[in-house]
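Engineer: Questions regarding the structure given below will be posed in turn.
Every number in this text was worked out from the coordinates using simple rules, so none of it is lab data. Predicted, not measured: the structure shown is a model, and the values here were computed from it. Here the Cβ is made from the backbone with ideal geometry for all residues, glycine too, and neighbour counts use every protein chain on show.
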Amino acid sequence: METFVRFRHQKVYRERRMTEERSYKTLYRFHAENVQWLANYFLGEYNETRGGAVNNETKMRIFLRYLADPGFQIRVAEDIGVDQSTISKTFSYVLNRIVEKRNEWVKFPTTAMALDSAKMEWKERYSFPAAIGAVDCTHILIRRPHMHGDEYVNRKGHHSLNVQATCNSKEEFTSIDVSWPGSVHDARIWRNSNMCRVMTNQANALLIGDSGYPIAPWLMTPYQNPTTPEQTAFNRVFKTERVVIERCFGQLKRRFPILQSRIRLSTEKVPSVILCCCILHNIAKYLQDEDFPEPGDQEDEDELIHDGVNEQNIRQRGQQRRNEIAQIIHGMRRV
């Protein structure tokens, strides 16, 4: 009687490609030693390599390469030397591990001590009184969602998410709101945000935002048509210092090109990708991994839109505080 023995096919593993040092940061958006730091911090130092398994450092390189490509799995697979299926599984795994640590890297000051520290740090670099940061929104392009697609069409006719963020004087993100479709105006996002509720209770601290936001004692905006030396001085300082949030957005998108074009992922996954990029931006600041060169682009300011909410009293109090700050700034410049 013949006996048949099935032989297991021998696996053939792709050769993992090495990257030249000069192109490493271009491909992975961080220096090599910092990619290793990210892998150890988010994925652990233990590496399972039996059976051709991808080690943690390679997993992190796969993830970062995907953010830099932007978002073409086949090309990333060719660069790294793995199957396309590995790219998809690894990306989701690393994404979840990074987002889990959101609260450790994106923090808004809420205690009296943290607020005082934020104001002191702002004064060390800038001059706006009582400021702890700036707020603004930026649009991230997405594919047309299967459900409620019209809600995601922004004023330029593209499908997007309108992402609100605040930053501090060190150009770190202190809050991120990725829950709003592109058709929603910046002012509405702000009014419904946790940051608005937090700042309403902070009498001695404020954020600065562009003319698309409603002025309040805790949110300063520029004078629309300055007519006095005090108002002119206020706007000059305001414009110089508010641009910090635009620099943050610019640095974020240059480090992670996936945010510069339409993200080729499901709408449900895009918010996590944006949040993850903001976390990595803050970590880059912590690791002193220098930013990518700035082309000098700036986003357009929005015009203020009122949504019918009775805010006259708040607006008047905000205007009064703005006048007081304008007097202080004008006096400082004269001295």
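Engineer: Quick check for you: which residues of segment 84-107 have the amide N under 19 Å from the point 7 Å beyond the Cα of residue 121 toward its beta carbon?
Structural biologist: 101-107
Engineer: Could I ask something else about it? Each residue of segment 179-185 in order: what ³J(HN,Hα) in whole Hz does its phi give by Karplus 6.51 cos²θ - 1.76 cosθ + 1.60, θ = phi - 60°, with x for Gly and Pro?
Structural biologist: Karplus-based 3J(HN,Hα) across segment 179-185 equals 9, 10, x, x, 6, 7, 6 Hz.
Engineer: If r is the Cβ-Cβ distance from residue 262 to residue 316 and R0 is 56 Å, what FRET efficiency results, to the nearest 0.05? Before the final figure, lay out each step's value.
Structural biologist: Values: r = 43 Å, r/R0 = 0.76.
Here the calculated transfer efficiency is 0.85.
Engineer: Considering amide H positions built from the backbone, and no H for Pro or chain starts, which residues 5 or more places from residue 136, or on another chain, come under 5 Å of its amide H?
Structural biologist: 165
Engineer: Quick one: go through segment 179-203 and flag any residue whose amide nitrogen is under 19 Å from the point 7 Å out along the Cα-to-Cβ line of residue 153.
Structural biologist: Correct set: 180-186.
Engineer: Give me, ordered by chain and number, the residues 5 or more places off residue 175 or on other chains with an amide H under 5 Å from its own placed amide H.
Structural biologist: The list, which skips near neighbours in sequence, is 166.
Engineer: Here is a follow-up. Calculate one ³J(HN,Hα) per residue across segment 271-280 by plugging θ = phi - 60° into the Karplus curve 6.51 cos²θ - 1.76 cosθ + 1.60, and present them in order as whole Hz with x for glycine and proline.
Structural biologist: Taking θ as phi minus 60°, the curve returns x, 5, 5, 4, 4, 4, 4, 5, 4, 5 Hz for segment 271-280.
Engineer: Within segment 95-147, list the GluC sites (Glu not before Pro) lying in a DSSP loop whose Cβ has at most 15 other Cβ atoms in a 10 Å radius.
Structural biologist: 100
Engineer: Can you bin segment 197-259 into rounded, prolate or oblate? Criterion: square roots of the alpha carbon gyration tensor eigenvalues sorted a ≥ b ≥ c, rounded for a/c under 1.5, prolate for a/b above b/c, oblate for the rest.
Structural biologist: It is oblate, given that a/c is not under 1.5 and a/b is not larger than b/c.
Engineer: Could I ask something else about it? Using each residue's phi in segment 221-237, evaluate 6.51 cos²θ - 1.76 cosθ + 1.60 at θ = phi - 60° and report the 3J(HN,Hα) Karplus result to the nearest Hz, with x for Gly and Pro.
Structural biologist: With coefficients 6.51, -1.76 and 1.60, one gets 10, x, 5, 5, 9, x, 10, 10, x, 5, 5, 5, 5, 4, 4, 5, 5 Hz.
Engineer: For each pair in 156/239; 170/253; 25/269; 253/285, compute the distance between the two Cα atoms and list the pairs where it is over 20 Å. Before the final figure, lay out each step's value.
Structural biologist: Numbers: 156/239 25 Å; 170/253 17 Å; 25/269 25 Å; 253/285 15 Å.
As for pairs spanning more than 20 Å Cα to Cα, those are 156/239; 25/269.
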